[in-house]
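Just so it is clear, none of the values below were taken in a lab; they were calculated from the coordinates. All values derive from a computational prediction rather than experimental measurement. Cβ: placed from backbone, ideal geometry, glycine included. Neighbour counts: every protein chain shown.
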Amino acid sequence: MTEQADKLAQAIDLHTRGELDAAAALYLQIIRAEPQHFDALHMLGVYSLQTGDLASAHSLINQALRVNIEDPLAHVHHAAVLQQQGRREEAWLAIRQALRLAPDHTLALNNGAALLSKDLKRPAEALPLLEHALRLDDNDATAWNGMGYALVELGRYDEALLCLARALQLQPGLALALYNQGNALQHQNRLDKAMRSYDAALALAPDMVDAHFAQSTCRLLAGDLARGLPQYEWRCRKPAYLALAQKYTQPQWQPGLSWQGRTLLVHSEQGLGDTLQMVRYVPLLTAQGARVVLQVQDALLSLLDGIGGAIVVGKQHTLPPHDLRVPLMSLPLLLDTQPDNIPADAPYVHADTPRSLQWQTRLGPAKAPRIGLVWAGNPKHDNDSARSIPLQKMLRLLQPGLEYIALQRDLNAADRLQLQAEPALRSYAADQTDFAETAALVAQLDLLICVDTSVAHLAGAMGKQVWLLLPFAPDWRWMLERQDSPWYPTMRLFRQQRAGDWDEVLERVNAALSV
């Protein structure tokens, strides 16, 4: 064995035992002696990936690939670097190159499947890779777990649970499989069993951010705000929230930190509906002695201007001086919210009077009760396929003797054609330029029938009658097994009895309209 080969063997042995710095020192010695040494470049790149130096990892593995572009494992590690850099499509290309070189490469199959399922949101494409991996080795717990995850993403929960049970049979300490099992069970509203799966995952991996976050939503869905809200703060450790936090300079409020008498920056962090739901807390903050700067999405600026005595700014505005910042979704915890003390007085959001008068004139005198319809949410939402309803189905709600107005702002091509063919449903999509305009139109309604999207929160905040149509596994704020909402007293909930079955829901809504 040559001197460099001996050093490489020592380095890899150290690397395998977790003595990363000692291994890196040997890799560097080899590279100084042989700058084009493929294995040393490659493995030093892996070291850099493991220690979080993505720029060095990218450079080193690229150098290694210039020496030997035919090595599939180097392409797999290159993909891992690209994935962590957020270059997901390039990462997939690197995996594909690895599989072209070695179609049976198990790590490439499993990593490619995970990339497709989680990062690229293409779980159906992950299934053939996982099937291939399992044909190679039916005892591959990682592949069974990956199959379970992909099937959860596809809404095939019973199949997912079978795969995850197999993964756990093979590797009982696989925390990721327990976490995925909890998610499958939570989607089936089997909350007690989901909680046990999350508990087991966290016993093995106490700092698993995703498991804490998922368990918090499980608790909140069950109405357990006392334990759910503190645990919901784990969302702030997710990569998306860490990136958001980097935009601010002042410290974030933490439980136990005094805020009365200080200037708080309260900022949006999730969707438009979340902002509309949580701004109810701003007047309580000012009443308890805080000065509030409220930073919201630009579409809400006009609507929320001055709410609760706050200074309201948009995302691009220069922020006034402040002492602490509070993400909007942390306000229920900050103000010690429980199901019986949710501040639910409405309206707490008001339509602009001049705009409302313009809509009143434009619509003309009401000849019948006016019903607003919204059938789809943001298509980028993780659960949009479950919560949105095709317009063709919603048209079943059109009954003689009622006046219908579509409040759907974003229309796809098929929706536009259907609306043109259905004069009984008037649409003003192009005129809803911001939420202040939508609020002025909502003010003209007697009832809004809506899927779980921001307009439902708007109408609820305005104290309007809302019939909310919910999928079988709803967002946590709607809880389970109730027809009302503690967040919005004027809201009535129509839930799916079976996953995906909107027909039965719409039958009940039609019957209620006929009363």
Provide, in order from the shortest bin, the percent of all Cα-Cα pairs of the chain in each 10 Å bin, continuing until the bin that contains the maximum pair distance. 4, 15, 23, 23, 18, 11, 5, 2, 0, 0
Of 118/193; 121/238; 247/464; 393/464; 118/393, which ones are farther than 28 Å apart at the Cα? 247/464; 118/393
State to the nearest 20 debye the size of the charge dipole of the chain about its Cα centre, where the only charges are +1 on K and R beta carbons and -1 on D and E beta carbons. 1300
The chain, relative contact order in percent, only Cα pairs under 8 angstrom and at least six apart counted: 9
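Against the globular-protein guess of 2.2 N^0.38 Å, express the Cα radius of gyration of region 259-334 as a ratio, rounded to two decimals.
Numbers: Rg = 10.9 Å, N = 76, 2.2 N^0.38 = 11.4 Å.
Rg over 2.2 N^0.38 Å, computed on Cα atoms: 0.96.
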Which order do the peptides 411-420, 157-166 take when ranked by the mean count of other beta-carbon atoms within 10 Å per residue, highest first? 157-166, 411-420
Protection proxy (average C-beta count within 10 Å per residue), highest first, orders 263-269, 217-223 as 263-269, 217-223
Run the dipole for region 259-334 about the Cα centre, Lys and Arg Cβ at +1, Asp and Glu Cβ at -1, nothing else charged, and hand back the magnitude in debye, nearest 20. 180
So, in nm, how far is label residue 158 from label residue 286 when the simple model puts each one 7 Å beyond its Cα toward the Cβ? 5.4
Taking the simple approach of a point 7 Å from Cα along Cα-to-Cβ for both residue 499 and residue 53, what is their distance in nm? 4.6
How much of the DSSP bridge set in the chain is antiparallel, in percent, rounded to the nearest 5? 5
Name the long-range amide H neighbours of residue 295: under 5 Å, sequence gap of 5 or more, or other chain; modelled H, no Pro or chain starts. 266, 267, 268, 313
What aspartates and glutamates does residue 367 reach when the alpha-carbon gap must be under 18 Å and sequence neighbours fewer than 8 apart in one chain are set aside? 403, 446
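Residues with beta-carbon under 13 Å from that of residue 195, excluding residue 195: net charge, scoring Lys, Arg +1 and Asp, Glu -1?
Residues near residue 195 contribute +2 overall.
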